[in-house]
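Below: one structure, written as structure tokens.
The values are calculated or read from the model by the stated rules, or taken from the named source; none is laboratory data. All figures in this text were calculated on a predicted structure; none of them were measured in a lab. Note: ideal-geometry Cβ built from the backbone for every residue, glycine included; neighbour counts use all protein chains shown.
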Protein chains: 2
Amino acid sequence: MKKNLGSAGELFPQSVFIVASYDDDGVPNAMNVAWGGECTRNEICINIGDHKTTDNILARSAFTVAPADAAHVVEADYFGMATGRKTNKAEKSGLTFVKSEFVDAPVIEEFPLTMECTVKEVQDWGGEKRFIGKIVNTQVDESMLDADGDVDFDKMRPLIYDSTHRVYRVVGDVVGGAWDAGKALM
Amino acid sequence: MKKNLGSAGELFPQSVFIVASYDDDGVPNAMNVAWGGECTRNEICINIGDHKTTDNILARSAFTVAPADAAHVVEADYFGMATGRKTNKAEKSGLTFVKSEFVDAPVIEEFPLTMECTVKEVQDWGGEKRFIGKIVNTQVDESMLDADGDVDFDKMRPLIYDSTHRVYRVVGDVVGGAWDAGKALM
């Protein structure tokens, strides 16, 4: 039996992206963004309302995106609760913000993987901004790689935001191979 | 120790969206899309290259999006392997395509949750199209709801695409509450 829920579309696993940026004075900031995703292989899109991060990215034309991991769920959630307009979240989080080698934005050392982006385009979305970031470099902690040099999600344990129950979850078991499971119907 | 991977950004959990549409003759089709996500609470964005689905959406200005679930990993993967230009994938999949009550696109009955969308905007992305869909209605199978009427991912078991190992995974354990875990730092 199907039930209609109206036009709310928040009903599938979302990412937990930690977006880091500098303000005009070079003060680092970080926020937690659930609405975003990959546009193409080398672009990432994030939607942000009126936040300190929005001002920072417009000022510096750069940001970094780290998918939050289970080991830092407290810090990741904190970045979503506090506001950079009133608090130095970088300092209070205890995490290490260092200048990216490639873009004018900070990398948070403790997160296992970070995408370093320049702003390719800014779109208006009815009061929000949609930033299209060109990924200049992705850096990963070597301890997260498998024997083939690929990122191992069982080691990294990236978080997923379950919006219906407002909880963070990890990635679960493998249930099939891509370009493989479907062979049964080919 | 950090390693630079260059500009490839496909290194975080992606969705498995089954996008369904009709062609000019009313033949239903479905494809598997990993690049997409929520734009705002009532909009969904999907990036598609040159596919039958692209033609269909341009022709009908509508599509539906169902996050694939573990129970249908074979069909979901098949929709990504076969091409609608040469095959009637809807027929071959054995799934049930019915006309949406709200938009000019099919709903695949067996998927537990479907977002029914009209096209709000089409953007060009260097050879690909980025479709911005306005979610007109989201329908869900009542058996996927918890006692409060919220979607329960443990029941639904939506798939996530692990692009580094090209496998489908389910959503895993809860590791913290949103607007809760971070209180330790407030």
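Scanning segment B:14-26 for residues that are touching a helix residue (DSSP H, G or I) at 6+ places or on another chain (Cβ under 7 Å) and not in a strand (DSSP E or B) returns B:VAL16, B:ASP23, B:ASP24.
Residue pairs whose Cβ atoms lie under 6 Å apart, sitting 6 or more positions apart in sequence or on different chains, and linking a residue in segment A:75-90 that is within 7 Å of chain B (Cβ to nearest Cβ) to a partner that is buried (at least 24 other Cβ atoms within 10 Å of the Cβ) and among the acidic types (Asp, Glu), do not occur here.
Annotation: of all residues in segment B:14-42 being in contact (Cβ under 8 Å) with a residue 40 or more places away in the chain, crowded, with 24+ Cβ neighbours inside 10 Å and facing another protein chain (nearest Cβ under 7 Å), the one that is nearest to B:THR114 (Cα to Cα) is B:SER15.
Cβ-Cβ contacts under 9 Å between residues 6 or more apart (or on different chains), taken from a first residue in segment A:156-174 that is at the interface with chain B (Cβ under 7 Å from one of its Cβ atoms) and without any contact (Cβ under 8 Å) to a residue 12 or more places away in the chain to a second residue that is buried (at least 19 other Cβ atoms within 10 Å of the Cβ) and among the charged types (D, E, K, R), are listed as A:GLY172/B:ARG157; A:GLY172/B:ARG169; A:ASP173/B:ARG169; A:VAL174/B:ASP162; A:VAL174/B:ARG169. When every residue of segment B:27-50 is checked against the conditions, none turns out to be under 16 Å from the mean Cα position of the chain (by Cα), at pLDDT 95 or above, closer than 30 Å to A:GLN139 by Cα and not in a strand (DSSP E or B).
Restricted to segment A:109-139, and to residues that are under 15 Å from the mean Cα position of the chain (by Cα) and among the polar types (S, T, N, Q), which residue is farthest from the other protein chains (Cβ to nearest Cβ)? Selected residue: A:THR118.
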